[in-house]
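Peer 1: Quick one: the structure is below, and I'll ask about it shortly.
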Protein chains: 2
Amino acid sequence: TSTSRSQLTKFIGQVVEFAKEDANRLSFALKVGLAMLVVSLLVLVHRPFQAFGTNIIYSILTVGIMFEYTVGATLYRGFNRAIGSLLAGIFAVFVIGITLSCGHLAKPYVIGFSIFLVGAATSFIKQWPSLASYEYGFRVTLFTYCLIVISAYRMDNPVKTAVERLYAIAIGAAVAVGINVLVFPAWAGEQLHDELVDGFYSVAESLEDCVKKYLSGDGLIEQTECCKMIDKFDDDPAYRKFRYILNSSARIDTLAISAKWEPPHGRFKHYYHTWSEYVKVGAVLRHCAYEVMALYGCLRSEIQAPHDLRIAFQKDLLEAAIDAAELLRSLASDISNMKQSLQTSHLKRVHLSIDRLQSSIDLHSIYSVCESDVSKKVEKADADAKLQTQYSYHEAMKKQQRRLYSWPSRVVDELGEDGVESGKLIARMRALESTAALSLATFALLLVEFVARLDHLVDAVDELAATAKFKQVS
Amino acid sequence: TSTSRSQLTKFIGQVVEFAKEDANRLSFALKVGLAMLVVSLLVLVHRPFQAFGTNIIYSILTVGIMFEYTVGATLYRGFNRAIGSLLAGIFAVFVIGITLSCGHLAKPYVIGFSIFLVGAATSFIKQWPSLASYEYGFRVTLFTYCLIVISAYRMDNPVKTAVERLYAIAIGAAVAVGINVLVFPAWAGEQLHDELVDGFYSVAESLEDCVKKYLSGDGLIEQTECCKMIDKFDDDPAYRKFRYILNSSARIDTLAISAKWEPPHGRFKHYYHTWSEYVKVGAVLRHCAYEVMALYGCLRSEIQAPHDLRIAFQKDLLEAAIDAAELLRSLASDISNMKQSLQTSHLKRVHLSIDRLQSSIDLHSIYSVCESDVSKKVEKADADAKLQTQYSYHEAMKKQQRRLYSWPSRVVDELGEDGVESGKLIARMRALESTAALSLATFALLLVEFVARLDHLVDAVDELAATAKFKQVS
């Protein structure tokens, strides 16, 4: 029992941790409890129950279905429910009018056919791409329509029932919206804002992390261990956080849709049109993130630039990455504080450092570093060869080759087994090593391309600042 | 009125087109209509209505809420509803037992407190990451619990009401599932299967498209027009189709969850464990797609390799891309036909063509092509300079520079305005042009890296074939 007790403590610890991580979680739970309590008071207290009767349970259903995490999403659901019910009511009145004019025998057939028609029509229309987000509204239309026409057919006092239910639903909706807005409101807009700012910091961090790992050669060591397992790819926390941004598209869209339903509040005034700007900035940021993804690809790539070549260009690569990350962080803090400062100085510094990188990593310099390197190695290998037997020389070369570039390993193996002459092997090694050197250029150029995209990002943030009327800071 | 009539015809044409595009859309709509009709018959026909009374409308609600597009999603919703109702029932019986033992006055307080507690607890638990997909079940638990305890408190015959509603819900669920499975069933598994196969074809097509555009220089022309607008990025149909794969993560996960709920059917027998393999293959395919994304990045990049350098390596690049696309298509047709054929010959051909590419695009060959090219241009520029005035020579150089690489345009402008001597300008041009030449190497290495990832993809597909017991074809 002592182990089960320790497991219990561990579990409770996890739950407390989970609640502490984001205080909104607990407040959301308490809000739902409160909303349910308020609507159930309508039944528990004698007076209101007498007034409404059993139809008051529709209030409870409404709160249960409508209550969402954010204010925007709740209002959006409420809107869908209201419009859906309205459409259903209009169509129901129309059909009931028809049934009154036709005979008693034909009535059930007309109703049955109309239900089939409404079911098919709403289900067909809701698949239309631009209407897909109103799916819930179409669902409400369908079953509300059915409930109304069937109640009208079978109940003694359909109008009284319908009106009572309508009141009950309205009360439930009012409670849900009221408590969601008044008690610790969780605004979708606020979340979208924070999500975007976090995205900037996250891309900046990933960029620095990636470049540092590339220069320290960490990627090389890891790569040999985990290049086969895609799952292990995901173990890296930096990478996982980063993947969160790559897949953020759907999340940001949903938040923006919810945010559009929210009334102006707090620091987000005159904000109706701004939420779509947030989506745009998010898209441009994701474009930058794809480029960082390609940089990570280099880190994990199976063709790796030799370590001394990396060292030769270390300073320029690192400076460019740090300056770019700095620009990203400065943009993030601008958005976060809702001010607009001129990024020219940052942008200029980034451009200058990229310019230095570009002029240092050109074909000639890589060529010369690589040439001297290879010829040194070849000389050394030649010297070794003279000391050792032909066989062990082959082995050493193969090992060296493997270390430099593990791909395409099959071809390398074949070459080794065929027992090619050492002269040919050296030529081949030179060729392949020079390819490996080019991978440094790839890394550098991807970094340059990343910075080119930062220009677009700065433009997008400027546009956001103009639309949202951020405070200008010089 | 003739314009409004032509608009109407156009609109009807669009709707017909939409229905034809995917026949499942129409059949889904008809199925919903049919299901609603069947449950409403319970009320319209006299006998069943007498047996069940007004609680039968819960059947209609259930069908309206439960009916989803695929069989798996409907069963999944049904499961959530069933378990949610069961939990609610158990807890309600427990709380009603407590209220019976305590006094009449305390009763409403106990009930109110229990409602608050259940509301807060379910809403807190459903935020736990691993339980997030059962959100609907927790919602059902909450409002069912409230309905039961409140009915028990206020109604004359709570047990009879509860049982009747339970029957009504069960009937609704049976109708929804029955019609969804028996009439034109839309299996989530089938959709997942098709989605994955389409993904393979789509990546293959994008790869070829991208390499062809790169070699023909189409990207260069487009790039000048649309490099500033991220929106225009999205106009390209090949690119849009491709982005659909990049963002496919959520869609595939949802389909896989639904597919797990489906019984074995048609060609998908012994398939329970296989759906997670589909998700894995999808993830590896997305990893390949990220690499194609980087290739597109080169195409749109603002540093472009000179055209004659592309021509020099055209054959090898094109061959490698076509062979890789061929391998992807062969994998796709294998999955599509549910057979496993040895991909060794395809894989070998891809490796050989990549090997050729690697040995042709090494540092030396790029260096030599580029050197001869630059020296020719410099000679030509020198000759021009002697004929023209110093000023117009500067202009020509600037233009030439711009054509080669538009980035970083600010720096280039500054250089031009400062009026650097032509000797320095030529040196600078040489350096920048050699950087541009490196961008060809980047393109080639990204292609090599793409093929390296294909190895993982082949492994993942092999694993899928083994789990799903695909037919072996030699």
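Peer 1: Evaluate region B:150-162: report whether one residue or more is assigned to a helix (DSSP H, G or I), among the hydroxyl-bearing types (S, T, Y), touching a residue at least 60 places away in the same chain (Cβ under 8 Å) and more than 10 Å from chain A (Cβ to nearest Cβ).
Peer 2: No.
Peer 1: If I go through region A:303-325 residue by residue, how many of them are among the charged types (D, E, K, R) and within 28 Å of the chain's Cα centre (by Cα)?
Peer 2: Result for region A:303-325: 1.
Peer 1: Being surrounded by 23 or more Cβ atoms within 10 Å (Cβ to Cβ), small (G, A, S) and more than 8 Å from every other protein chain (Cβ to nearest Cβ) narrows it down to one of A:S59, A:S133, A:S114, A:S123, so name that one.
Peer 2: Being surrounded by 23 or more Cβ atoms within 10 Å (Cβ to Cβ), small (G, A, S) and more than 8 Å from every other protein chain (Cβ to nearest Cβ) holds for just one of A:S59, A:S133, A:S114, A:S123, which is A:S59.
Peer 1: Looking at region A:184-198, can you tell me whether even one residue there is out of contact with any helix residue (DSSP H, G or I) (no Cβ under 6 Å at 6 or more places or on another chain) and not in a helix (DSSP H, G or I)?
Peer 2: no
Peer 1: Kindly indicate whether A:S4 is over 30 Å from A:F116 (Cα atoms), surrounded by 16 or more Cβ atoms within 10 Å (Cβ to Cβ) and without any contact (Cβ under 8 Å) to a residue 60 or more places away in the chain.
Peer 2: no
Peer 1: Is region B:168-190 home to any residue that is within 23 Å of A:F143 (Cβ to Cβ) and charged (D, E, K, R)?
Peer 2: Within region B:168-190, none of the residues are within 23 Å of A:F143 (Cβ to Cβ) and charged (D, E, K, R).
Peer 1: Looking only at region B:321-341, how many residues end up being buried (at least 20 other Cβ atoms within 10 Å of the Cβ), modelled with pLDDT under 90 and small (G, A, S)?
Peer 2: Looking only at that region, the number is 0.
Peer 1: Need the failing condition index for B:Y69 against (1) assigned to a helix (DSSP H, G or I); (2) at the interface with chain A (Cβ under 10 Å from one of its Cβ atoms); (3) among the hydroxyl-bearing types (S, T, Y), just the number.
Peer 2: (1)
Peer 1: Looking at region A:128-137, can you tell me whether even one residue there is touching a strand residue (DSSP E or B) at 6+ places or on another chain (Cβ under 8 Å) and on the phi < 0 side of the Ramachandran plot?
Peer 2: no
Peer 1: A further question on this structure: Among the residues of region A:97-111, what is the count of those that are within 14 Å of another protein chain (Cβ to nearest Cβ), in a helix (DSSP H, G or I) and surrounded by fewer than 19 Cβ atoms within 10 Å (Cβ to Cβ)?
Peer 2: The qualifying residues number 4.
Peer 1: Which of the residues belonging to region A:44-56 are of a type outside the set (S, T, N, Q), more than 8 Å from chain B (Cβ to nearest Cβ) and either free of Cβ contacts under 8 Å to residues at least 12 places away in the same chain or in contact with a Ser or Thr (Cβ under 6 Å, 6 or more places away or on another chain) (or both)?
Peer 2: A:H46, A:R47, A:P48, A:A51
Peer 1: Condition first: over 20 Å from the mean Cα position of the chain (by Cα) and at pLDDT below 85. Can you find one or more residues in region B:282-298 that meet it?
Peer 2: Yes, region B:282-298 contains at least one residue that is over 20 Å from the mean Cα position of the chain (by Cα) and at pLDDT below 85.
Peer 1: With respect to A:F116, determine if the residue is more than 26 Å from B:M66 (Cβ to Cβ) and aromatic (F, W, Y).
Peer 2: no
Peer 1: Kindly establish whether B:S85 is more than 9 Å from chain A (Cβ to nearest Cβ), within 14 Å of B:A174 (Cβ to Cβ) and assigned to a helix (DSSP H, G or I).
Peer 2: No.
The values are calculated or read from the model by the stated rules, or taken from the named source; none is laboratory data. What you see is a predicted model, and the numbers here were worked out from it, not measured in a lab. Every residue, glycine as well, gets a Cβ built from its backbone with ideal geometry; the counts of neighbours run over all protein chains shown.
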